[in-house]
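Quick note: the coordinates plus some simple rules give every number you see, no bench work behind them. In this text, all values refer to a predicted model and were calculated from it rather than measured experimentally. Neighbour counts run over all protein chains shown; Cβ positions are idealised from the backbone, glycine included.
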Amino acid sequence: MGILGALFSGVSGLDVYSNSIEVVGNNIANTNTAGFKASRTEFSDILAQSLSGASSGSQIGRGVQLSAVSTQFTQGSFESTSSGTDLAIDGAGFFIVQNNDGVFYTRAGQFKVDSNGLLVNSQSDRVQGVLLDTAGNPSGTVQDLNLTVTNSPPKVTSNVDFVANLDASAATLGTTGTATGGLAVTDRFQFLSGVNDIIQFNDGGGPTPASLTQFGAAVPTTGYLASGAQYSAAQVATAIKTALEAANLTADTYTVTYSATTKKFTVANDAGNPNPLNLLHDDPLTTASGDLG
């Protein structure tokens, strides 16, 4: 190969590795660039010189060359931002943007709304998408996303999934509730004597306390609640009726109902009662109002 061939092989290595360092430097420089995908250099050897057409053991290498600089489309990390229009893609795919020069594809999701209500990037390229019909299904052709036009009205949240860690060392409050149907959460109530069990009311004879726990009786009479146990809304409604009728010192009776929609109990004075009924929620002795709605 001679001295010139040897020098060429060495120089080819210096040249190629300098390009590799430039690629690494570019990757580092774009660490915080949204949607940037790192590149890597790929090398290959230059066709070898054959001595006298002999076997492969007589092949002399002629150096190295840069065969490709390939982009690594691996999933990047997600970051929270203060802009509601910043987006990121989890998995494969690209955002479609368009300008006067044509249609382009990008992974960078730093978008904003321009003066015309269009979703654009920092170069004012218009983000493309498909509108939704009133049922929330894609309809129509790909077009500019105009955020001032809304085809999908807001909907009330019907179900929420969440994951939480519970303190294993916490005291057990009671038995778990029974589902009321579907994925609905059962209403469970707990009252502690001297903490949140007193309803202060006035039936014409002045403020009178009624205790849902029969003032902390160890074994309360039927209709009352045991302090610290958990009860359903129907059981609490019965306890309210029992406590009020026992404390009013008259023969007045009441009807107590619970609304799963408003999460509130309603106490009605039955027809024929000679005395009015006023629940004194603002009375400092009333401790149960916050848990009864």
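Tabulated results
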| read-out | value |
| --- | --- |
| Packing-based exposure ordering (other Cβ within 10 Å, fewest first) of Lys241, Lys263 | Lys263, Lys241 |
| Computed [θ] at 222 nm, helices only, for the chain once each DSSP H run of length n ≥ 4 contributes -39500 (n - 2.57) | -5500 deg cm²/dmol |
| Alpha-carbon centroids, segment 116-133 and segment 206-245: separation in whole Å | 61 |
| Residue exposure sequence - Leu87, Leu145, Leu249, Leu225 - by fewest surrounding Cβ within 10 Å | Leu249, Leu87, Leu145, Leu225 |
| Hydrodynamic radius by Kirkwood, which averages 1/r over all alpha carbon pairs of the chain, in angstrom | 28.0 |
| Charge sum, other residues only, whose C-beta stays under 14 Å from Ser70's C-beta, Lys/Arg counted +1 and Asp/Glu -1 | +1 |
| Helix 2-29 vs. the chain, principal-axis angle (Cα, 0 to 90°, nearest 10) | 20 |
| Ranked packing of 162-170, 213-221, most packed first, by mean Cβ within 10 Å | 213-221, 162-170 |
| Sequence-distant aspartates and glutamates (8 or more away, or on other chains) whose Cα lies within less than 20 Å of Lys155 | Asp133 |
| Between segment 251-274 and segment 1-47, the Cα center-to-center distance that results, in Å | 83 |
| Spacing of the two label points (7 Å from each Cα toward its C-beta) at Ser77 and Ile46, in nm | 4.2 |
| For Phe73, Phe201, Phe36, order by how many other beta-carbon atoms lie within 10 Å, fewest first | Phe73, Phe36, Phe201 |
| Rel. contact order, % - alpha carbon contacts under 8 angstrom, at least six apart, the chain | 10 |
| C-alpha long axis of helix 233-247 to longest principal axis of the chain, angle in ° | 30 |
| Residues of type lysines that Lys264 reaches as a straight line, Cα spacing below 17 Å, ignoring anything fewer than 8 places off in the same chain | Lys241 |
